[in-house]
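These notes are about the structure you will find just below.
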Amino acid sequence: MAKLEILEFPDPRLREVAKPVATVTDSVRTLVDDMLETMYARPGIGLAATQVNVHQRVVVIDISEDQSEPLILINPTFEVLDHQLHEYDEGCLSIPGFYETVSRPRQIRLKALDYQGESYALEAEGLLAVCIQHELDHLEGKLFVDYISPLKRNRIRTKLEKAHRQRA
């Protein structure tokens, strides 16, 4: 397994829409393993393949305290079960150091393929529902900063661009 490079906002590759996975193969499982290692090393609770410059519909999530409950989402989709909005302070491995309040539906039903390519469904609410929606946004080329004011988004962009120049 290898730690993957995570793209950072405002990298335009984060805006690419991911393609469906045709078949869950060993190479897809290797990607999942590498994404889990990368997410845990940062540390994060979710990572979409788009964030590591792989434009396939693959997401890993683990909201457990001890990183013991990885959730693999291949070709995920969701439907809203409760349209009541829930506010949550979101952060993102592609937007390091920034957190903003985002409103999302409270409860959803997820459908996806697992590590073996088997179909499954689950209902989620709270942090898990927020995380799933956040990560699936990545697969559509959306970031949590798209939900905040242009002023705040531009301020974050400017600070990250400055940090990128200083590292280069």
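Miscellaneous remarks
- Extension gain for Val17 to Ala163 (0.36 nm times residue separation, less C-alpha to C-alpha distance): 49.9 nm.
- Think of it as helices only: each DSSP H run of n ≥ 4 in the chain is worth -39500 (n - 2.57), and spread over all residues that comes to -9500 deg cm²/dmol at 222 nm.
- Computed log10 I(q)/I(0) for region 1-121 at 0.15, 0.17 Å⁻¹: -0.74, -0.96, from the Debye equation with unit scatterers placed on every C-alpha and solvent omitted.
- Residues whose placed amide H lies under 5 Å from that of Gln67, excluding near-sequence neighbours: none
- Share of carbon and sulfur in the accessible heavy-atom surface of the chain [1.4 Å probe, %]: 49 percent
- Computed FRET value (nearest 0.05) for Val54 with Tyr115, which takes r as the C-beta separation and R₀ as 22 Å: 0.85
- Cross-link pairs beyond the 24 Å C-alpha cut-off, checked among Lys3/Lys152; Lys19/Lys142; Lys142/Lys162; Lys19/Lys111: Lys3/Lys152
- For region 1-90, the set of GluC sites (Glu not before Pro) satisfying both a DSSP loop assignment and a count of at most 10 other C-beta atoms within 10 Å is given as Glu5, Glu65.
- Area accessible to solvent at His138, 1.4 Å probe radius, in Å²: 0 Å²
- Region 17-65, relative contact order [Cα under 8 Å, separation at least 6], %: 43 percent
- Calculated SAXS-style log₁₀ I(q)/I(0) at q = 0.15, 0.19, 0.23 Å⁻¹ - region 107-164, Debye, Cα scatterers: -0.62, -0.80, -0.96
- Partner aspartates and glutamates for Lys159 [C-alpha distance under 17 Å; skip if fewer than 8 residues away on the same chain]: Glu8, Asp11, Glu100, Asp146
- Tensor-based shape of region 45-100 (alpha-carbon gyration tensor, a/c under 1.5 rounded, otherwise prolate or oblate): rounded
- Arg109 contributes about 70 Å² of solvent-accessible surface, heavy atoms of the protein only, 1.4 Å probe.
The values are calculated or read from the model by the stated rules, or taken from the named source; none is laboratory data. Note that the structure is a prediction, hence the values are computed from the model and not measured. Here the Cβ is made from the backbone with ideal geometry for all residues, glycine too, and neighbour counts use every protein chain on show. The accessibility values were calculated without ligands, DNA or RNA, using every heavy atom of the protein model including side chains. Shrake-Rupley method; radii C 1.70, N 1.55, O 1.52, S 1.80 Å.
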